Every structure is written in C-alpha cells, then in structure tokens.
Amino acid sequence: MTCSSCQKAETSPIPAYLIIDSTRIVCQQDQGNGSHDIAGVQVFANQEFIGNFLFPARIPILKSGLVALSINPMIRINGASSQFTVFRTLNTLDTSVLLEATKETHLSAAFRFKSNAQIDWQEDFEDQSSTLVPLSRQKGDTAYMAQETLRGASTWVYRVDFEDSDTTKKIDLGSFRNFMGWPKDGTEIFLEFDIRCDVPVQLALRRKSAGNSSYVPYLLLNKTGNQWKRFYCNLVYEVSGQAPDTEFQILFSADKLNSETGSLGFALDNIRLSYLN
Ligand SMILES: [Ca+2]
C-alpha cells in the first residue's frame, strides 16, 4: 500500500545547513569604521536563489559537495523589519563551502565596500571634533563631545542636552557640508548612524537648487531610552529626479517640550553616507 504523503516523506531531499555565526565590515581608510547592524543575508548557492534570511539564520540548502555561495548583506531600512533590503554599497561575499546533507557548516561573513562605492560622509567623533554643527540652538542647550559606552566599548559621541527651563527647547544639528553630486537616477543612497535619544529626533534634508530651498522631513526617530540603535535610511526617494545642481544638507532636529522635565537629549555616533558611483 502506498500513500502520496508517505512517498513524499521517503523521497524528500535532506538539506545541508549553513550557519552564519558572525558578520563584519572591513573598511579602508576614509570609509569609516566597522560599526554595522547587518540584520540578515540574501543567499545564492551555485547561482540558485536560496532566500533572504534574518539572523540568527540556519539556512537549509539542498546541495552537497563543494558549493559556490554568493551572500549579500541585508539591512532593515528605517528600522522596519518589513523593509528588509540588500545593502548594495557593500560587496557580495563569494566563497565556496563543503556541504553535506543534515550537517551544519559554519561561516563568518566579512563584507567590504564595492570599488565604486562613494563614501561622502563618515564621522565617528574619535578626534573629538565634528563636521556636524548646531545650526540653531537656544540658551541653555549644549552640544558637545562626550564619552559613552556603545556595543560594550567606550567611544566619543556627539551629544545634545536640553536642561530644564520654562521655555520650549529646540535644536537643529546639520551637516556642515552641503552635499553635491548625489546620483539623481534612482541609485540608492544609504545614510546610517547610531543614535540614543530621550526625545524624538527628526531626520530631514534641506534641498537647495537655483535659489529654491526646501525642508524635507524624512524620518521621525522615536525615543530609544538608554539604548543605542543603528538606523539605515535610503534617501533615494527625496533625491531621485531632483535638478542636477541640487545640494543637500542633512539635519537632525529635536524639541523638548515645557511639559518634559529633567535633563533630556540625544547622542549620535558612527555616521556614514554611501552610494554607488
Ligand atoms: Ca565614536
């Protein structure tokens, strides 16, 4: 006697498992540091698409023997797991591994920036200076370099504190530079940074071209409390299709309301802006 489900169980191929234990980013000078929050990988085995996997990932692959793997790093855009996308300014990792059915093969994945990756801005504040500058601030607001613990290590960060006062406090931190030459053809432009904030922080772009200037709110970052969080933003939507002479300034803005008491503020570290040329 046979039944289709039994037959299926008997003939189902048995996968090998790829386990990616760790990921890192290897940077050259002027590409920033290895800070990252790679959230998963896109995997191809012998040119066949296997899938997209969030970490921790135990990836079933129905192949055995020496298998060619191509692995793309993936990130969550705007902190949303629903926008899980390949971080295209980094190289695909091409490697070969020996796979055997039922067995686990472990891999440590190192990614590098593509040779045509342009890093327009990177800042880690380790020299205790910054090109991020307060554009508008009110009496009593302080913006300064401080040491904090991030990913278990002490590091210099850019910090803004609002002290108690009887007025609403507001600050706009801006990139000192107006960026020019960003691709307007739909190429992805990734801005990544670490942030810890007691107040919501508005990420925005100021666009300037031929005498016109506009303020474009991009993403409102919710309070993270005492936790540092790394964000990846794709600026393509506000850059694509703009006039060729458009300049962009990046702004981080925050308010402290009258009703909020105590020393509140936010801190930034490990900023990087990259795209493909
Ligand atoms: Ca730092």
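Bear in mind that the values in this text are calculations on the coordinates, not laboratory data. Computed from a predicted model, the values in this text were never measured in an experiment. Cβ sites come from the backbone with ideal geometry, for glycine too, and all protein chains shown count toward neighbours.
Values for this structure:
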{"quantity": "Sum of side-chain charges, Ala39 neighbourhood, beta-carbon under 11 Å (Lys, Arg +1; Asp, Glu -1)", "calculated": "+1"}
{"quantity": "Dipole in debye (nearest 20) - the chain, about Cα centre, beta carbon charges: Lys, Arg +1; Asp, Glu -1", "calculated": "460"}
{"quantity": "For the stretch 46-51, 3J(HN,Hα) per residue [Karplus equation, 6.51 cos²θ - 1.76 cosθ + 1.60, θ = phi - 60°, Hz, x = Gly/Pro]", "calculated": "6, 6, 9, 5, 9, x"}
{"quantity": "Estimated distance in nm for a label pair at Glu48 and Ser81, the labels positioned 7 Å out from Cα along Cα-to-Cβ", "calculated": "2.8"}
{"quantity": "Signed unit charges on C-beta, dipole axis of the chain, positive-most listed residue Phe84, Ala110, Leu268", "calculated": "Phe84"}
{"quantity": "Surrounding net charge for Ser136, when Lys and Arg each add one and Asp and Glu each subtract one, Cβ distance under 13 Å", "calculated": "+2"}
{"quantity": "Candidates Ile171, Ile19, Ile119: whichever shows maximal mean-square fluctuation once the chain is modelled as a Gaussian network with Cα springs under 10 Å", "calculated": "Ile19"}
{"quantity": "Nearest-20 debye value, the stretch 12-115 charge dipole, Cβ charges on Lys, Arg, Asp, Glu", "calculated": "120"}
{"quantity": "Electrostatic dipole magnitude of the stretch 212-277 [Cβ: Lys, Arg +1; Asp, Glu -1; Cα centre; debye, to 20]", "calculated": "340"}
{"quantity": "Leu66/Ser12 FRET efficiency (R0 30 Å; Cβ-Cβ; nearest 0.05)", "calculated": "0.80"}
